[in-house]
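Visitor: Have a look at this one.
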Amino acid sequence: MSLLKELYAKDELPYDKFMRLGPESLSDAELLAIMLRTGTKDKTPIELGREILRMAGEDRGLLGLYHFNIRDLMQIPGIGEVKAVQLLCIAEIAKRTSNMQARPELTFDKPETVAAYYMERMRHRDTEQLLLVLLDAKRHIVHESVLSTGTFNMTLISPRDICIRAMRNEASYIVILHNHPSGDPTPSRQDVLVTQKIKEVSDLVEIPLLDHIIIGDNRYTSFIQKGLL
């Protein structure tokens, strides 16, 4: 018996299990083991995969990887830069798949629905990011794009560009979101001024700005709910 087989004495090799039973038979840790390929001198790839999932939050599954950054992952013995990048790509694929599955039936008719959809994606960022979300007449997503990353201010935001994108995508409504890395979603004076300017231009082209939502740490502020829009 090879050394690798001995290390897996209590676990069937994930690759062999995949070939015998298919990918749906694999646990999250086994899927990670196949991607990692190697462990450490003290841990098999499956054990390393289990440790990563535990650190990410066992109830989150593969989506828990999204809460790591490269530096976090590289602190784990056995994870170098290449493996860290691979793991974050897995997280991004899992997140995008989850979002795409939710989109067809997702109706953004309430601020809490919008905030819940974007909360996990945005609340862990250490820099501000502004998202433009365009909706059709039934308030389903037709387009989403990142408008800026960094400080949210008028010099970086073009209301005209926002409205051009809305018209090109034949959108009926506009929603904008951004995060506060501090975790406090209270709007700043600059947030209010930028939002008012965007609303003025969107009203002119008759594609209403439905809301501006600021994402904090498991909290959010809706401009429409606060009477700021």
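Visitor: Looking at ILE70, ILE52, can you tell me which residue is within 21 Å of the chain's Cα centre (by Cα), touching a residue at least 24 places away in the same chain (Cβ under 8 Å) and within 12 Å of LEU87 (Cβ to Cβ)?
Guide: Only one candidate qualifies: ILE52.
Visitor: If you don't mind, another one. So how many residues does the range 64-88 have that are of a type in the set (Gly, Ala, Ser) and surrounded by fewer than 19 Cβ atoms within 10 Å (Cβ to Cβ)?
Guide: 2
Visitor: Checking the condition modelled with pLDDT of 85 or more and closer than 30 Å to HIS143 by Cα, which residue from ILE70, ILE76 passes?
Guide: None of the other options fit; the residue is ILE70.
Visitor: Could you check the range 1-31 and list, in sequence order, the residues that are exposed (fewer than 10 other Cβ atoms within 10 Å of the Cβ), assigned to a loop (DSSP other than H, G, I, E, B) and at pLDDT 80 or above?
Guide: GLY22
Visitor: Hey, can you tell me all the residues within the range 207-229 that are under 20 Å from the mean Cα position of the chain (by Cα), open to solvent by 40 Å² or more (accessible area, probe 1.4 Å) and either at pLDDT below 95 or more than 12 Å from ASN179 (Cβ to Cβ) (or both)?
Guide: ASP217, ASN218, ARG219
The values are calculated or read from the model by the stated rules, or taken from the named source; none is laboratory data. Quick caveat, the model's predicted, so the values are computed rather than measured. Counting neighbours? That spans all protein chains shown, and the Cβs are built from the backbone with ideal geometry, glycine included. Ligands, DNA and RNA are stripped out before the accessible areas are found, and what is left, the full protein with its side chains, is counted by its heavy atoms. Shrake-Rupley method; radii C 1.70, N 1.55, O 1.52, S 1.80 Å.
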